[in-house]
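Data block below; observations after.
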Amino acid sequence: MISWELLALSPPGWGGVLLRGLLTSLEVAAGGYIVGQIIGVFGAAGKLYGGPVIRDLMEIYTTVIRAVPEMVLIVLLYYAGTDALNNILASFGHEAMDISGMVAGIMVIGLVQGGYSTEVLRGAIKAIPPGQIEAARAYGMAPAKIMRRITLPAMLPHAIPGLANLWLITTKDTALLAVVGFTELTLATRQAAGVTKDYLLFFSAAGVLYLIVTLISNVIIHFIEKRARRGMTRPQS
């Protein structure tokens, strides 16, 4: 028999623990997503407008990110990345840094998502009609101004579906941080279920929480996409 008192938000229930885990998951997801988009912008620009060396480096980065399973990447980057940073600091005579799990989680998720974001943004930029860029150049606009005034606004409607999907994937990828001992929703759920032995209740509750995040995200994404596509003709079904 399921005891719903176990999910009470106040002691002795575990509901508050799950909600704190969800909040942590969302903080890591939001931070990692932002880092991923920053990497994606520079990665897409490098693949489209960089020199041969930059293009090759970006190609290697995106290929590795998309080829290696995300759990392997997270374990590798979480441990090897922090060790590499501390070794670099030690080589310059600095003391090792105690990197928080939150910062490490955000950077790891960001590096993983950056590879996918690079390809989404590159495809969106290539979907812009070439005549728009050529017209801007004919008017003598500087490359930075073309990027700000023409490229970014024109690519947004093409990029939103892919970027929205990446956000939803990011919220799920935070669960993989449980394998390195970072306390987010999945690890909090495992701890609660392990203590109470009520696995069905707690993993069902975690699934509902992830579903709520997805539903709310879909509403916000639909609003953003509708705003971005103002004035554009709808494709004939």
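Summary table below
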| read-out | value |
| --- | --- |
| Relative exposure of ASP173, ASP198, ASP83, judged by other C-beta atoms within 10 Å (fewest first) | ASP83, ASP198, ASP173 |
| Relative contact order (%) - criterion: Cα under 8 Å, at least six apart; region: the chain | 28 percent |
| Gaussian network model of the chain, Cα within-10 Å springs - most flexible of GLY51, GLY110, GLY15 | GLY51 |
| Likely footprinting exposure, THR170, THR196, fewest C-beta neighbours within 10 Å first | THR196, THR170 |
| Loop-exposed chymotrypsin sites (Phe, Trp or Tyr not before Pro) per DSSP, neighbour cap 14 Cβ within 10 angstrom, longest uninterrupted part of the chain | 140-237 |
| Separation of the ALA127 and GLU27 label points, Cα + 7 Å toward Cβ, nm | 3.5 nm |
| Per-residue ³J(HN,Hα) for the range 183-199, Karplus 6.51 cos²θ - 1.76 cosθ + 1.60, θ = phi - 60°, Hz, x for Gly and Pro | 7, 10, 4, 5, 5, 4, 5, 4, 5, 5, 5, x, 6, 8, 6, 9, 5 |
| Extended-chain gain in nm, criterion 0.36 nm per residue less alpha-carbon gap, LEU89 and VAL68 | 4.8 nm |
| Order of ILE109, ILE34 under a 10 Å beta carbon neighbour criterion, fewest first | ILE34, ILE109 |
| Helix 152-173 axis, angle to the chain major axis (alpha carbon atoms, nearest 10°) | 20 degrees |
| log10 of Debye I(q)/I(0), alpha-carbon scatterers only, for the range 80-142 at 0.18 Å⁻¹ | -0.76 |
| Principal axes of the range 61-165: Cα extent on each, largest first, Å | 53, 32, 22 |
| Net charge contributed by nearby residues that have their C-beta within less than 12 Å of ILE128 (K/R +1, D/E -1) | +1 |
| Shape metrics for the chain, restricted to C-alpha atoms - Rg then Dmax, Å | 21.5, 73 |
| Euclidean distance between Cα centres, the range 146-201 to the range 25-88, Å | 16 Å |
| MRE, 222 nm, helices only [DSSP H, n ≥ 4, -39500 (n - 2.57), over the chain, to nearest 500] | -25500 deg cm²/dmol |
| P(r), alpha carbons of the range 160-237 - 5 Å bins starting at zero, rounded % | 3, 14, 17, 18, 14, 10, 8, 6, 5, 3, 1, 0 |
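Each value in this text was obtained by applying a stated rule to the coordinates, not by laboratory testing. Just so you know, these numbers come straight off a predicted model, no measurement behind them. Here the Cβ is made from the backbone with ideal geometry for all residues, glycine too, and neighbour counts use every protein chain on show.
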